[in-house]
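In what follows, a structure is listed as structure tokens, so that the remarks can point back to it.
Readers should treat all values here as calculations from the given coordinates under stated rules, not as data from a laboratory. The model shown is predicted, which means the values in this text are computed figures rather than measured ones. Cβ sites come from the backbone with ideal geometry, for glycine too, and all protein chains shown count toward neighbours.
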Amino acid sequence: MPLPAHVKVRRECLSFVVLGATGNLAQKKLLPSLFNLYANGHLPPRTLIVCAGRPAHSDAEFNRITAAGLKGFLDGASVAKAARGDPSAKVTRQQSLSAGIDDLDLEFRASLGDPGRGKRDPPKDKPPLPPPTLRDIGGCANTSARSSYANLTDLDAVNTDDQGVNGSSQTKEHKAGRSPLKPSAAVAMSGIARSQCPPEFLIDEFLERVRYACVPDCATASAANTHLSDVFDIVKEHETKNETGNAPGRNRLFYLAMPHELYLPAADAIHRNGRSPGNGWTRIVVEKPFGSDLISARAMHVSLKEHWAERDLYRIDRYLGKEVIDNLLVMRFANRMLTPIWNRENVANVQIVFKDDLGTTAEYFDKHGIVRDVMQNHLLQIMAVLAMDRPVSLDPEDIRDAKLKVLRQVAKVVPTTDVVAGQYVADAKNPEKRPGYKENASVPKDSRTPTYAMVVLNVRNERWDGVPFILKAGKALDERRSEIRVQLKSTPGDIFAEDDGLSRGRFGAEPKDLGAGPNEFVLRIQPHEEMYMKLTIKEPGLGVRPVPSEMELSSRWREEQERKEVAGEAPRRAYERLILDAVNGHQAHFVRGDELEAAWAIVDPINAAIESGEVPVHEYARGTRGPKEADVLRKSVGHVTCPVPRDGALLSSSDDLCADEQETSDEGAFVNGAVGERSPVRTPSGDASRADAVSEDDGTPKHERRRSGVPASVVWGKEGEETSTPMPPEA
């Protein structure tokens, strides 16, 4: 019986080649992700990382540059800082809405340093996560000791999957009766967290497996063949050292972290001189953008197919590696209560949002714009996962077939009615520190490149026809947030509505006529991962007045994520997960060629209309919600915002905060055309003011008020103890 792919690859030799290793992507994402995978024992023991870039660095010079970046990465990691006892660590953990004396998770939470709270205790900040113990890590402790904290060349003979690099299952020390583990491994075996080990030790050990080669030019096939020869020589040398009977496969993975114009010459050179000999595999990972339109993407796809099979091509989209997107797949098809309502009979509209509060100065962005940079890949891939029918199985090809079907069913966009484009201008309050897009030196003064776009799509199939899918992406907005919002239709025959002859479920109804508002299912991707449902419940007190509330779904899920991250059991960051998938040959989280072409076919008419002037590019002030015209379009297709007053601060966003909790500024604020909410106040640092910045006379933050108008401090008392229940305020 053949071994599973993820087990088989650990027995084999792996050369991981990063082309473009001196760029921002490699230094800020790829190398830290490879470091984490190595430190947690997820990479095969016989792994060599070959980095190639234009500068003529030696191995020592490149390692010095990389070490500085990795130290900064470790120092900034919240979980690692918490495990070291750093008081500045901020480990995000959502307070459980059901955490009380009868909470079933108390024992688990106590093991993470969270003893829970009494049924009547006020919410308190949870302490930082402690280092994981053997009880927390479980069976992972011994694996960690043999793999990552210890040098991967010195492995326990009992581990039949991870044998030594020299091919022998027993080292000299083991044969002599001594432990084959380094002192650092003994630390890990005693149950001390990896994150407590000195960063210098981990980085030095990782960099022992990194080599550098100068590749000054890959613009043409001949130049790529010439300059990549040094890379291939390093790979062959590594494979020769590990050429034993215990490592039958010599695998090679090339990550092209370079401009897409260089993909074809580099891929051709790898095919001619860099393929793995024998029974090993050779794979290529390419980054977006995959072309600039349908024609260029199709040409690239055809050229790559001449020498590379689809099973060896990995087109990476980091959003597909997000934990929330995987969770969406499970929640959709594993829960009976969601399956029957996931259709046009119950869903009013779907919003897929990407908001960034930072501007952009890169020359790359002006050539592509927000539609090519974000919407064509990230947002359309999310929409495909959300809207696809149940795949035949969890096989990667079946999942990608289901996504492709949805993308091909998207109706042709009418740009004049379905698209709003925008470009940010300087903040009127602080134009020097917060300049407009065209004020960047690398941007032409007549640029029409959109930094904001809203597109309404319609999927023409039995499940979704008539449901607007609102895709929104923008730079220099009022907050950083990416999320999915599935808004359900209003309840027909609402008995709680006033008998005024209005149908509260009627299309286009005003928010004031919607009472507590529609139900929503929300999955937030950033800045923190959240899953919750907006439901209607009864307001506490006399009567049956309906009020909006939320059912939070992700507290235990997030805590389990943090536990596994600290323990080294599973990677959490998107790039780590995707790199591991590429090494193990799992393609479900990567984009297939026909998916790519279908996505370009959707956005090409949008880009053409913007560039030709058919769709105007509206200006919006930096730090606001975007063009006013976008709110008008959103309202015209039926989306409404019914905010929820809440106690939990982590769930808040500009779309969730109650209207009376959003502080407005006299200058530069504009009214949302859909619901009359206003832009949050901008602080001098550029951050939007949160609801807790507004207090009552007694100092109680507004998000802690109860809807009855009684301050939380009155209910709980000054010392956190419940006092006698106060009477409601007089009318």
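Each of Thr451, Thr641, Thr416 was scored by other Cβ atoms within 10 Å of its Cβ. Arranged with the fewest first, they read Thr416, Thr641, Thr451.
Relative to the current alpha-carbon distance between Ile295 and Leu329, full extension at 0.36 nm per residue lengthens the span by 9.1 nm. Round to the nearest 0.05 the FRET efficiency obtained for Lys305 and Glu619 when R0 = 45 Å and r is the Cβ-Cβ distance. My answer for the efficiency is 0.55.
For GluC sites (Glu not before Pro), the sites in segment 239-333 that DSSP calls loop and that have at most 15 other Cβ atoms within 10 Å are Glu243, Glu306. Extending each Cα 7 Å along its Cβ direction at Asp389 and Ser58, get the distance between those two points in nm, one decimal. Spacing of the two 7 Å Cα→Cβ label points: 6.3 nm. Full extension of the chain segment joining Val544 with Asn273 gains 90.1 nm, where the gain is 0.36 nm per residue of separation less the Cα-Cα distance. Considering only Gly593, Val603, Gly613, and ranking their Cα positions along the charge dipole of segment 319-636 that arises from unit charges at the beta-carbon of Lys, Arg, Asp and Glu, the one farthest toward the positive end is Gly613. Filter the cross-link list Lys445/Lys475; Lys438/Lys472; Lys71/Lys433 down to pairs whose alpha-carbon distance in this structure exceeds 26 Å. Exceeds cut-off: Lys71/Lys433. Once the Cα-Cα distance is subtracted from the 0.36 nm per residue extended length, the Asn430 to Ala5 segment shows a gain of 147.5 nm. For segment 319-636, just say rounded, prolate or oblate: build the C-alpha gyration tensor, square-root its eigenvalues into a ≥ b ≥ c, call rounded for a/c under 1.5, and beyond that prolate if a/b exceeds b/c, oblate if not. Rounded is the answer for segment 319-636, as its axis ratio a/c remains below 1.5. Exposure proxy ranking for Arg64, Arg252, based on other Cβ atoms within 10 angstrom of each Cβ and starting from the fewest, stands as Arg64, Arg252.
Taking amide H as placed 1.01 Å from N in the peptide plane, His586 has no amide H partner under 5 Å among residues 5 or more places away or on another chain.
Per-residue Cβ neighbour counts within 10 Å put Lys8, Lys305, Lys534, Lys29 in the sequence Lys305, Lys8, Lys29, Lys534, beginning with the fewest. For the peptides 466-479, 595-608, the ranking by mean Cβ contacts within 10 Å, running from highest to lowest, is 466-479, 595-608. Summarising the label geometry, the points placed 7 Å from Cα in the beta-carbon direction at Glu208 and Ala441 lie 4.4 nm from one another. Between Val414 and Thr226, the FRET efficiency from the beta-carbon distance, with R0 = 45 Å, is close to 0.35. With the simple model of a label 7 Å out from the Cα in the direction of the Cβ, Phe201 to Asp75 spans 2.0 nm.
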